[in-house]
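Novice: The structure follows.
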Amino acid sequence: MSGRTKLILALTVLALLAAAAVFLPIPSPSDLRRWAQATGPATPLVLLVAYSLLTVAPIPRTVFNLAAGLLVGSVAGIAIGLVATTIAAGLSFALARLLGRDLVLRHLHRAPVRIVNERLSGGGVLAITSLRLIPVVPFAPLSYLCGVSTVKLVPYLVGTLLGSIPGTVAVVILADALTGDTPPALLACYAVFAAAGAVGLVRVLKKRSPAVGEEEPAVSAPAG
């Protein structure tokens with residue numbers, strides 16, 4: 001296929017997609033909510049299973065949190081998001097520990113590997129929570145990294161759950177707001193969660209940064 005033919009084909013596909021976006025009926029968020037409610041318990045169950053399994057791969061959780069808020073509302077969406085996040089985190093952790101931990105343990109004598117491992121394992125719940133609070137840290141890669149480190153499962157899962165609360169609540173409520181029926185009380189809850197997360201993150205960063213004015217131990221001068 002020549003370059004000219006490929007260009008014509010690409011332009012044709014773009015034109016068809018543009019025409020479809022203009023002329024085909026696109027369901028509104030309220031229509032999607034009514035469709036989900038009409039299916040009964042199948043929608044929350046399918047959403048929970050898909051969320052739990054697909055986020056083991058590097059698929060952003062934001063997609064599923066948006067779907068949860070849009071399809072099932074804030075309360076059910078937040079519950080599904082947090083439960084599925086914890087399940088996915090546990091599956092990713094177990095998979096990484098099963099397949100890759102021996103490789104990491106063989107390289108613990110190397111400074112970079114040892115430092116990362118000590119930061120994760122020594123920090124416990126607070127360390128994992130802090131890392132989960134940072135939006136730019138991808139969910140699945142961090143799960144794999146914790147799995148191959150010496151982090152224990154229970155602190156890892158608790159930290160993941162706590163650190164995922166603000167982001168999950170925010171995205172689910174945002175999606176639910178598209179249907180026009182977001183309870184104001186949930187907005188207040190999110191503000192509290194966000195403030196608590198910010199305070200915890202600041203405390204972790206202060207603990208790990210060296211104190212201002214801290215000096216190296218003085219070296220005694222040789223006698224004589």
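Novice: Can you tell which of GLY73, GLY100, GLY90, GLY77 is over 24 Å from VAL158 (Cβ atoms) and out of contact with any Ser or Thr (no Cβ under 7 Å at 6 or more places or on another chain)?
Specialist: GLY73
Novice: Of everything in the range 153-183, what is open to solvent by 50 Å² or more (accessible area, probe 1.4 Å), in contact with a helix residue (DSSP H, G or I) (Cβ under 6 Å, 6 or more places away or on another chain) and at pLDDT 85 or above? Give them in sequence order.
Specialist: VAL158, LEU161, LEU162
Novice: If the Cβ limit is 8 Å and pairs must be 6+ apart or interchain, which residue in the range 71-86 that is outside any helix (DSSP H, G or I) pairs with which residue that is modelled with pLDDT under 95?
Specialist: Listed by first residue and then by second, the contacts come to GLY73/ARG33; GLY73/ASP176; GLY73/THR179; GLY73/ASP181.
Novice: A follow-up question, please. Which count do you get for residues in the range 38-70 that are touching a residue at least 40 places away in the same chain (Cβ under 8 Å), part of a helix (DSSP H, G or I) and surrounded by fewer than 18 Cβ atoms within 10 Å (Cβ to Cβ)?
Specialist: Final tally of qualifying residues: 1.
Novice: Of the residues that sit in the range 117-152 and are of a type in the set (A, V, I, L, M, F, W, C) and surrounded by fewer than 16 Cβ atoms within 10 Å (Cβ to Cβ), which one is modelled with the lowest pLDDT?
Specialist: So in the range 117-152, the residues of a type in the set (A, V, I, L, M, F, W, C) come out as 120, 125-128, 131, 133-134, 136-137, 139-140, 142, 145-146, 148, 151.
This time we only want the ones that are surrounded by fewer than 16 Cβ atoms within 10 Å (Cβ to Cβ), so: 134, 136-137.
On the way: ILE134: 80, VAL136: 74, VAL137: 77.
The selected residue is VAL136.
The values are calculated or read from the model by the stated rules, or taken from the named source; none is laboratory data. Just so it is clear, the structure is predicted and the values come from calculations on it, not from any experiment. No Cβ is skipped: glycine too gets one built from the backbone with ideal geometry, and neighbour counts run over all protein chains shown. Surface areas here come from the heavy atoms of the whole protein model, side chains and all, with no ligands, DNA or RNA. Shrake-Rupley method; radii C 1.70, N 1.55, O 1.52, S 1.80 Å.
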